[in-house]
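In what follows, a single structure is set out as structure tokens and then discussed.
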Amino acid sequence: MAAEPLLSVRDLTVTFPTGGGPVRAVDSLSFDVHRGRTLGIVGESGSGKSVTSMAVMGLHTGAEVTGSITLDGRELVGLAERDLNRLRGRKMAMVFQDPLSSLHPYYTVGEQIAEHHRVHFGSRRAAARQRAVEMLAEVGIPEPERRAGEYPHQFSGGMRQRVMIAMALACEPELLIADEPTTALDVTVQAQILELIARIQQERSLAVVLITHDLGVVARVAHEVLVMYGGRAAEQAPVEAVFAGPAHPYTRGLLDSLPRLDDADDTPLRAIPGSPPSLLAPAPGCAFAPRCPRAAAADADARERCERVRPRLAASDGRAVACHLPLSPDTAPMDRTRKAIP
Ligand code: SF4
């Protein structure tokens, strides 16, 4: 891609001090996000995807952050809190999984969006209120003038998430980070919120980072995919390449875990056996080795390499994979997966 990325992350490492020793929640992560594109960051709980987004926003309280995060050419690592505050809202904004915990129950949604606008633009009360109504209309809240005067508890879960998106976009940021924005919603509302994010992204040429545990969500809206495991990148590729044939056994496992439309009603859900790795005492080799069917099926020498030597992220043909025994794309056709997505 020719244009400079809006967000560029290089060798990002985030380490938390704990009673049991330092925990490296994100390890040597690099990725770019361009304007008008969506990067889906996928992985199970504990893979480091949310820590990555918090580090970008400068919200990694108590953690040591090394590496580089540049936003429109400006380095964010080491930036003073005062300067970060200026960027949050106007340059980058975040939408969280649970809007109820992010919205204040004592203030109307209109007041909260307007306040956000006033803080960043110093706008007058009436202008900020008008902006709040416009934003509610833009995210598809019916009767926005009236509903701006209502409180968060008067909105459904999906409508509250629309309010959060309205608030995030009120100051016209260029980067939107959405952390599991649809996880708490039912399937129909989830689809509506994803469509909303995709529409707004196109209209505003936003760069979007979508954090999710669900590859089905990624298939709907992402252009590129970053699969994380144990705090590291397992696979990075355009979304079509991942769904046409994942190269990393973990990505394959995530795809196999998606329910399919052509499954019989009594088909049990598939899950990746085992648990995510401990980040407190990481194994020397591939973090996925204890759960990896490809390593289990390999000969003793290959298996030992998986267990002892950490695979490096190697790039070719527009895809990067950290695996000693990557899958060949044509051994893993995943066409059916898209049909499973409502
Ligand atoms: Fe599996 Fe080995 Fe690849 Fe790790 S390096 S994903 S253990 S095959």
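The residues listed here are Pro293, Pro249, Pro276; of these, the one that is closer than 29 Å to Gly19 by Cα and within 16 Å of the ligand (Cβ to nearest atom) is Pro276. The condition of being open to solvent by less than 30 Å² (accessible area, probe 1.4 Å), at pLDDT 95 or above and touching a His at 6+ places or on another chain (Cβ under 9 Å) holds for only one of Leu39, Leu76, Leu71, that being Leu39. Condition check: of a type outside the set (Lys, Arg) and more than 16 Å from the ligand (Cβ to nearest atom). Does Glu172 satisfy that? For Glu172, the condition - of a type outside the set (Lys, Arg) and more than 16 Å from the ligand (Cβ to nearest atom) - is met.
For region 163-181, the set of residues classified as within 18 Å of Gly140 (Cβ to Cβ) and either in contact with a Phe, Trp or Tyr (Cβ under 8 Å, 6 or more places away or on another chain) or without any contact (Cβ under 8 Å) to a residue 12 or more places away in the chain (or both) consists of Val163, Met164, Pro181, listed by residue number.
All of Ala320, Ala300 fail the test of being at pLDDT 95 or above, more than 12 Å from the ligand (Cβ to nearest atom) and touching a strand residue (DSSP E or B) at 6+ places or on another chain (Cβ under 7 Å), apart from Ala320. Looking at the structure I just gave you, is Gly89 open to solvent by less than 30 Å² (accessible area, probe 1.4 Å) and at pLDDT below 90? Against the criterion (open to solvent by less than 30 Å² (accessible area, probe 1.4 Å) and at pLDDT below 90), Gly89 qualifies. All conditions but one from (1) open to solvent by 20 Å² or more (accessible area, probe 1.4 Å); (2) closer than 26 Å to Leu194 by Cα; (3) modelled with pLDDT of 95 or more; (4) of a type in the set (Ser, Thr, Tyr) apply to Thr52; the one that does not is (1). Gly285 falls short on exactly one of the conditions (1) near the ligand (Cβ under 9 Å from one of its atoms); (2) in a loop (DSSP other than H, G, I, E, B); (3) more than 25 Å from Gly21 (Cα to Cα), and that condition is (3). Which members of region 11-22 meet the condition of being out of contact with any Asp or Glu (no Cβ under 9 Å at 6 or more places or on another chain) and either open to solvent by 30 Å² or more (accessible area, probe 1.4 Å) or at pLDDT 95 or above (or both)? Within region 11-22, Asp11, Thr18, Gly19, Gly20 qualify.
Within region 195-235, the only residue that satisfies the criterion of being of a type in the set (S, T, N, Q) and either in contact with a Lys or Arg (Cβ under 7 Å, 6 or more places away or on another chain) or free of Cβ contacts under 8 Å to residues at least 40 places away in the same chain (or both) is Ser205. Please verify whether region 147-158 includes one or more residues that are modelled with pLDDT under 90, under 21 Å from Thr188 (Cα atoms) and either surrounded by 19 or more Cβ atoms within 10 Å (Cβ to Cβ) or not small (Gly, Ala, Ser) (or both). For region 147-158, residues modelled with pLDDT under 90, under 21 Å from Thr188 (Cα atoms) and either surrounded by 19 or more Cβ atoms within 10 Å (Cβ to Cβ) or not small (Gly, Ala, Ser) (or both): present. For region 180-198, residues that are open to solvent by 20 Å² or more (accessible area, probe 1.4 Å) and either hydrophobic (A, V, I, L, M, F, W, C) or modelled with pLDDT of 90 or more (or both) total 5.
Among the criteria (1) over 11 Å from the mean Cα position of the chain (by Cα); (2) away from the ligand (no atom under 15 Å from the Cβ); (3) open to solvent by 40 Å² or more (accessible area, probe 1.4 Å), the one Ala219 does not fulfil is (3).
Quick one: in region 305-316, of everything that is within 10 Å of the ligand (Cβ to nearest atom) and not in a loop (DSSP other than H, G, I, E, B), which residue is surrounded by the most Cβ atoms within 10 Å (Cβ to Cβ)? Only one residue fits best here, namely Cys306.
Scanning region 131-143 for residues that are without any contact (Cβ under 8 Å) to a residue 40 or more places away in the chain and surrounded by fewer than 20 Cβ atoms within 10 Å (Cβ to Cβ), we see that the one that is farthest from Leu196 (Cα to Cα) is Glu143.
The values are calculated or read from the model by the stated rules, or taken from the named source; none is laboratory data. In this text, all values refer to a predicted model and were calculated from it rather than measured experimentally. FYI the Cβ positions are ideal-geometry reconstructions off the backbone, even for glycines, and counts take in every protein chain you see. Accessible surface is based on the protein model in full, side chains and every heavy atom, while ligands, DNA and RNA are left aside. Shrake-Rupley method; radii C 1.70, N 1.55, O 1.52, S 1.80 Å.
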